[in-house]
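Inspection log for the structure reproduced underneath, given as structure tokens.
The values are calculated or read from the model by the stated rules, or taken from the named source; none is laboratory data. What you see is a predicted model; the values in this text were computed from it and never measured. FYI the Cβ positions are ideal-geometry reconstructions off the backbone, even for glycines, and counts take in every protein chain you see. Each accessible area value is taken on the protein alone, full model and side chains, heavy atoms only, with ligands, DNA and RNA left out. Shrake-Rupley method; radii C 1.70, N 1.55, O 1.52, S 1.80 Å.
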Amino acid sequence: MELTFLGAAQEVTGSSYLLESEDTKLLIDFGMFQGKEEDWNYQPLDIRAKEINALLLTHAHLDHSGRIPVLVKNGFRGPIFATPPTIELTKLLWEDTLKLMKEEKERLDRKRRRQDKPPVELLFDEYDADEASKLFVPLPWDKPESFKGFQFTFRPSGHILGASSIEVSAENIKLVFSGDLGPQDTVLEPPPHIFEDADYVVIESTYGDREHKDLEETLAEFKNALSAAIRDESKVLIPTFVVDRAQRIIYELYLLLQEMPELSGMPMYFDSPLGNKITAVYSSYPEYLLPHLADFFRGMDQEKLGIQYVDTPEQSKKLNSLSHALIMAGSGMCTGGRILHHLKHGLWNPKNHLIFVGYQAAGTLGRSIVDGARNVRIMGEDIAVRAQIHTINGFSSHADAKDLLSWASNFPPNTTFLVTHGEPQPAKSLALALSGRGYSSVIPSRRQSVTLRPSKERIAIPAPEAYTIGQKIDNFVAKYPHKRELVERVLTALLESLKDSEA
């Protein structure tokens, strides 16, 4: 059986794995690349879409689901297995993504017309998304399923509503794909399922080199930022992933209202047309939430919470004139969406507070701000970063290094871990920690394929360093095909130089 890493290899986005057994090809996820790798979304696919027999989707986030319509655009017509809430959330995210892409296309096309250039092409359109939606096959947690020689079961991963880890078996080999894991002590969803057996585990490493602040410390920092904004009558901006993170913040604000009655005097807005729909999905699937959260979302009193949902662009623009308010808006990494307008109008003000409550991938605007940029470019304008910046990762729906090791330690000693979905340093840190506990661990490269064997026939997987230079060249040429000739000239000159030195 062959496993190929098509994305999320030494990077956090673009999650996708190809699993091949005899005449059957399965994909696990097919996500968008974000941040510095965003251009890869528009490159030719690494696979023949028509040859893929089925797709297993761990959860709805776009870095796991966002390119499925592109796969359909290229001819894929197999079943897409996912939990019922994952299906609903994914459809909503595709709809919203298409809307944002069309808005960006209109903006770029106006500029390109003035430059006598052809219009840009959408990554996918309504037809592609509709056709992809027809392929979904709902599969609840803990129900085994068979497909063309493969057996698989979805288990809770604790990450977002309906998110799953997936155990897959074929050819006497058992794999576990962690998907995105939540912390051991979850707040909204059930904790990650504990596995006790696998030959190979594809494990995420987003926070593989650090531990989150504990919840008490996180809430104290959140409360202090809100108290300062109330005292100064200033604005709080929260870039928010509309799936899970927004619902988590809503719940935490609800709890804080009990001990901070002054919070009721701060106008609160969730500026996302998608937000209300997503929250409604949470209320529709109580069996995928912890019991007390199911009651909360079913009976959530928006007037008591004081959060107003903002729908139209006109309503959103009016918020820019407010000097004192709490505004949540997407996107969570500040790569698009309405948060950009609010940052443009509020990031320069030293009285304001910008609170990051989620991971900021390399190459994103959010990451630049977190890393200390003093000026950033937003919507064609240079904006000074003078607001007070808070990074509160204790609200994260990702497991930290301690959680990842705790989850992994339930597997037997002969398990091989394939460390993915993390930038190089977190991935390396987790791999070393796993090795320190006696496990075999490998950090694969993008497009690397490995042969999987039953434990009794196990052979060593080539270290990724053996692929690194060639892989980087391949990736560079794929991303910048117009520079292929330059790369060939440089490599030719280098080889000639080496021959001369040997002579």
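I'd like to verify a number: residues in the stretch 199-251 that are in a helix (DSSP H, G or I), of a type in the set (Phe, Trp, Tyr) and open to solvent by 10 Å² or more (accessible area, probe 1.4 Å), how many? Steps first, answer last, please.
Just the residues of the stretch 199-251 that are in a helix (DSSP H, G or I), to begin with: 215-232, 245-251.
Checking which are of a type in the set (Phe, Trp, Tyr) leaves us with 222, 251.
Filter once more, so that each one left must be open to solvent by 10 Å² or more (accessible area, probe 1.4 Å): 251.
Of the residues in that region, 1 qualify.
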Legend entry - Selection count where residues are within 19 Å of residue 329 (Cα to Cα), assigned to a strand (DSSP E or B) and in contact with a strand residue (DSSP E or B) (Cβ under 9 Å, 6 or more places away or on another chain), scope the stretch 345-389: 9
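From the set of residues in the stretch 50-70 that are within 27 Å of residue 88 (Cβ to Cβ) and in a helix (DSSP H, G or I), which is most open to solvent (accessible area, probe 1.4 Å)? Before you say what the answer is, go through the steps one by one.
Let us first name the residues in the stretch 50-70 that are within 27 Å of residue 88 (Cβ to Cβ), namely 52-70.
Keeping just the survivors that are in a helix (DSSP H, G or I) gives 62-65, 68-70.
Values: 62: 40, 63: 19, 64: 2, 65: 0, 68: 0, 69: 0, 70: 10 Å².
So, considering only residues that are within 27 Å of residue 88 (Cβ to Cβ) and in a helix (DSSP H, G or I), the one most open to solvent (accessible area, probe 1.4 Å) is 62.
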Inset, instruction - Considering each residue of the stretch 33-54, count those that are closer than 19 Å to residue 447 by Cα, in contact (Cβ under 8 Å) with a residue 60 or more places away in the chain and among the hydrophobic types (A, V, I, L, M, F, W, C), and give that number. - result: 1
Inset, instruction - Answer yes or no: is there a residue in the stretch 17-31 that is over 23 Å from residue 148 (Cα atoms) and out of contact with any strand residue (DSSP E or B) (no Cβ under 7 Å at 6 or more places or on another chain). - result: no
Legend entry - Whichever residue in the stretch 143-159 is open to solvent by 10 Å² or more (accessible area, probe 1.4 Å), touching a residue at least 40 places away in the same chain (Cβ under 8 Å) and over 22 Å from the mean Cα position of the chain (by Cα) and, among such residues, is farthest from residue 88 (Cα to Cα): 149
Inset, instruction - Looking only at the stretch 255-278, decide whether some residue is closer than 21 Å to residue 156 by Cβ, assigned to a helix (DSSP H, G or I) and open to solvent by less than 50 Å² (accessible area, probe 1.4 Å). - result: yes
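Given the options 344, 351, name the one that is under 20 Å from residue 380 (Cα atoms) and open to solvent by 10 Å² or more (accessible area, probe 1.4 Å).
Exactly one residue qualifies, and that residue is 344.
Determine whether residue 428 is within 21 Å of the chain's Cα centre (by Cα), buried (at least 18 other Cβ atoms within 10 Å of the Cβ) and either basic (Lys, Arg) or assigned to a loop (DSSP other than H, G, I, E, B) (or both).
Working: within 21 Å of the chain's Cα centre (by Cα): yes; buried (at least 18 other Cβ atoms within 10 Å of the Cβ): yes; either basic (Lys, Arg) or assigned to a loop (DSSP other than H, G, I, E, B) (or both): yes.
The answer is yes for residue 428.
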Inset, instruction - Working only within the stretch 168-198, note down all residues that are in contact with a Ser or Thr (Cβ under 7 Å, 6 or more places away or on another chain) and assigned to a loop (DSSP other than H, G, I, E, B). - result: 171, 178, 179, 180, 181, 182, 184, 192, 193, 198
Inset, instruction - Name the single residue, out of those in the stretch 114-138 being part of a loop (DSSP other than H, G, I, E, B) and among the charged types (D, E, K, R), that is least open to solvent (accessible area, probe 1.4 Å). - result: 125
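Consider residue 111 carefully, then state whether it is in contact (Cβ under 8 Å) with a residue 12 or more places away in the chain, open to solvent by 20 Å² or more (accessible area, probe 1.4 Å) and either part of a helix (DSSP H, G or I) or at positive phi (or both). Don't jump to the end; show me each part of the working.
Working: in contact (Cβ under 8 Å) with a residue 12 or more places away in the chain: no; open to solvent by 20 Å² or more (accessible area, probe 1.4 Å): yes; either part of a helix (DSSP H, G or I) or at positive phi (or both): yes.
Against the criterion (in contact (Cβ under 8 Å) with a residue 12 or more places away in the chain, open to solvent by 20 Å² or more (accessible area, probe 1.4 Å) and either part of a helix (DSSP H, G or I) or at positive phi (or both)), residue 111 does not qualify.
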Inset, instruction - Could you look through the stretch 160-185, keep only residues that are open to solvent by 10 Å² or more (accessible area, probe 1.4 Å) and within 25 Å of residue 2 (Cα to Cα), and pick out the one that is nearest to the chain's Cα centre (by Cα)? - result: 179
Legend entry - Failed condition for residue 403, given (1) under 21 Å from the mean Cα position of the chain (by Cα); (2) at pLDDT 90 or above; (3) open to solvent by less than 10 Å² (accessible area, probe 1.4 Å): (3)
Legend entry - Qualifying position, being open to solvent by 10 Å² or more (accessible area, probe 1.4 Å) and within 20 Å of the chain's Cα centre (by Cα), among 28, 87, 47: 87
Inset, instruction - Only residues in the stretch 172-189 that are over 30 Å from residue 250 (Cα atoms) count as the first member; pair them with residues that are in a loop (DSSP other than H, G, I, E, B) and open to solvent by 30 Å² or more (accessible area, probe 1.4 Å), Cβ under 8 angstrom, at least 6 apart or cross-chain, and list the lot. - result: 173/453; 174/197
Inset, instruction - Hey, could you check the stretch 355-382 for residues that are open to solvent by less than 20 Å² (accessible area, probe 1.4 Å) and touching a residue at least 60 places away in the same chain (Cβ under 8 Å) and say which is farthest from residue 184 (Cα to Cα)? - result: 364
Legend entry - Residues that are assigned to a loop (DSSP other than H, G, I, E, B) and either without any contact (Cβ under 8 Å) to a residue 40 or more places away in the chain or farther than 30 Å from residue 156 by Cβ (or both), drawn from the stretch 390-424: 409, 413
Legend entry - Evaluation of residue 385 against (1) surrounded by fewer than 22 Cβ atoms within 10 Å (Cβ to Cβ); (2) in contact with a helix residue (DSSP H, G or I) (Cβ under 7 Å, 6 or more places away or on another chain); (3) closer than 28 Å to residue 192 by Cα (one fails), failing number: (3)
Inset, instruction - For the stretch 1-22, indicate whether the set of residues that are in contact with a helix residue (DSSP H, G or I) (Cβ under 9 Å, 6 or more places away or on another chain), open to solvent by 10 Å² or more (accessible area, probe 1.4 Å) and modelled with pLDDT of 95 or more is non-empty. - result: no
